Amino acid sequence: MDVQLEDSVLIKRYVSGDEKALEALIDKHNQRLSSFIYSKVNSRDITEDIFQDTFIKVIKTLRRGTYNEEGKFLPWVMRIAHNLIIDHFRKSSRMPMYDGSNTFDIFSFIGDDKLNIEHQIIKDQIDLDLGVLINELPADQRDVLVMRIYKDMSFKEISENTGVSINTALGRMRYALINLRKIIEQNDIVLTI
Amino acid sequence: MEKIYSANRRKENELKASDRTVKFLLDYSKSLKVTEAKGIKFESNMN
């Protein structure tokens with residue numbers, strides 16, 4: 001409670017022009033945020049980069065006056081960092097990597113993992129069909145599934161958003177998947193490329 | 001007697017962003033100006 005209050009006081013001071021408050025905020029959460037990022041990326045350099053980008057987003061949001069998560073500063077910052085970590089892994093999976101072996105393989109540099117046009121059309125059709133099937137689910141199960149799969153929210157966030165416990169959210173997700181499989185089996189639907 | 005070796009995780013636990021990164025963020029904050037015109041907010045960096 002005290003920690004939350006302190007964050008909100010620091011944020012107010014910073015927004016009203018006190019740069020020292022930002023220093024205090026960074027210092028206060030530096031170790032926790034850095035450890036969180038490092039635990040995912042396992043590299044000090046990348047940790048520094050993501051830490052920096054996270055706080056740039058924080059600074060911009062605070063200065064634009066669009067921050068509205070009073071008292072929940074650290075979870076909000078962690079969410080920003082989490083999204084940046086995902087972006088980092090998405091980017092790095094697209095980066096050409098040299099495998100260190102003596103043989104030179106041009107295809108490791110020019111490889112294209114994109115689907116061809118036929119598979120892309122089939123995939124789009126599957127995504128569309130899946131959307132229709134998801135709409136058949138009971139509302140509570142559908143909401144949890146959409147938040148988890150399409151919005152990439154954690155079960156903790158889902159439980160906060162829907163006002164149910166984490167266990168209930170997990171249960172709804174489980175039943176959503178069971179019911180989806182049932183609908184697919186009953187209607188002999190094939191959802192593969 | 002058997003010796004139990006464990007990885008030293010102390011360094012990881014004490015991991016912090018460097019002073020240089022923190023200084024960059026503080027300088028960035030000082031140089032960032034947000035101006036509003038007709039309801040639209042513009043960011044500019046006065047570096």
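General remarks:
- Note on the range A:121-150: residues that are free of Cβ contacts under 8 Å to residues at least 12 places away in the same chain and charged (D, E, K, R) total 2.
- Selection within the range A:31-65 - of a type in the set (D, E, K, R) and more than 7 Å from chain B (Cβ to nearest Cβ): A:32, A:40, A:44, A:45, A:49, A:53, A:57
- Where residue A:174 falls short, out of the listed (1) more than 21 Å from the chain's Cα centre (by Cα); (2) assigned to a helix (DSSP H, G or I); (3) surrounded by fewer than 14 Cβ atoms within 10 Å (Cβ to Cβ): (1)
- When the residues of the range A:61-112 are filtered to those that are modelled with pLDDT under 60 and of a type in the set (Ser, Thr, Tyr), the one that is farthest from residue A:36 (Cα to Cα) is A:108.
- Residues (surrounded by 14 or more Cβ atoms within 10 Å (Cβ to Cβ), under 16 Å from residue A:190 (Cβ atoms) and of a type in the set (D, E, K, R)) located in the range A:118-155: A:129
- Candidates A:72, A:28, A:91, filtered to the one that is more than 10 Å from every other protein chain (Cβ to nearest Cβ), touching a residue at least 24 places away in the same chain (Cβ under 8 Å) and charged (D, E, K, R): A:72
The values are calculated or read from the model by the stated rules, or taken from the named source; none is laboratory data. Just so we're clear, the structure is a prediction, and the values are computed from it rather than from any experiment. Because the Cβ atoms are built from the backbone with ideal geometry, glycine has one as well, and the counts that use them run over all protein chains shown.
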